[in-house]
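The values are calculated or read from the model by the stated rules, or taken from the named source; none is laboratory data. All values derive from a computational prediction rather than experimental measurement. No Cβ is skipped: glycine too gets one built from the backbone with ideal geometry, and neighbour counts run over all protein chains shown.
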Amino acid sequence: MICDDYFKAYIKVEFFDTAISFQTLHHFQPDKKLDLFIKLYSALKASGQYIEVDYLACCDEEEEILFYACEKKRKAENIADDIFVHFDTPLTAEH
């Protein structure tokens with residue numbers, strides 16, 4: 001088991017049978033999620049599985065509102081893009 005930063009942890013290729021994420025990815029932008037999914041996919045053995053437990057935005061409008069509010073908070077508080085902000089920005093199931 002690894003308990004570390006998703007984005008910084010070294011993860012061996014084709015090493016894990018299972019990877020689990022529990023209610024964490026709704027805090028990240030889609031591009032960061034995509035990079036992480038690629039990393040996780042390569043870390044799974046051929047018969048491996050990925051389990052994602054998180055919540056979703058109900059619709060495109062909610063998704064857009066939350067991303068806008070997060071960006072507004074970052075600008076108002078002068079928070080750099082590479083700094084984690086605990087702000088919920090879930091995607092729709094489609095995204």
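Listed conditions (1) surrounded by 13 or more Cβ atoms within 10 Å (Cβ to Cβ); (2) in contact with a Lys or Arg (Cβ under 8 Å, 6 or more places away or on another chain); (3) among the acidic types (Asp, Glu) are all met by ASP54, apart from (2). LEU66 - would you say it is more than 21 Å from ASP5 (Cα to Cα) and in contact with a Leu (Cβ under 8 Å, 6 or more places away or on another chain)? It is false that LEU66 is more than 21 Å from ASP5 (Cα to Cα) and in contact with a Leu (Cβ under 8 Å, 6 or more places away or on another chain). Every test in (1) modelled with pLDDT of 90 or more; (2) assigned to a loop (DSSP other than H, G, I, E, B); (3) among the aliphatic types (A, V, I, L, M) is passed by ALA9 save one, and that test is (1).
Each row is one residue, and each column tells you yes or no for (1) modelled with pLDDT of 90 or more; (2) surrounded by 15 or more Cβ atoms within 10 Å (Cβ to Cβ); (3) touching a His at 6+ places or on another chain (Cβ under 9 Å); (4) not acidic (Asp, Glu).
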site: ASP5; (1), (2), (3), (4): no, no, no, no
site: ASP17; (1), (2), (3), (4): yes, no, no, no
site: ILE38; (1), (2), (3), (4): yes, no, no, yes
site: LYS73; (1), (2), (3), (4): yes, no, no, yes
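Annotation note: of PHE67, PHE37, PHE16, the sole residue that is under 12 Å from THR89 (Cα atoms) and of a type in the set (Phe, Trp, Tyr) is PHE67. Residues that are under 9 Å from the mean Cα position of the chain (by Cα) and not in a helix (DSSP H, G or I) were ranked within the range 24-50; the one that is nearest to GLU64 (Cα to Cα) is GLN29. Taken over the range 2-54, residues that are out of contact with any Ser or Thr (no Cβ under 9 Å at 6 or more places or on another chain) and of a type in the set (A, V, I, L, M) amount to 9.
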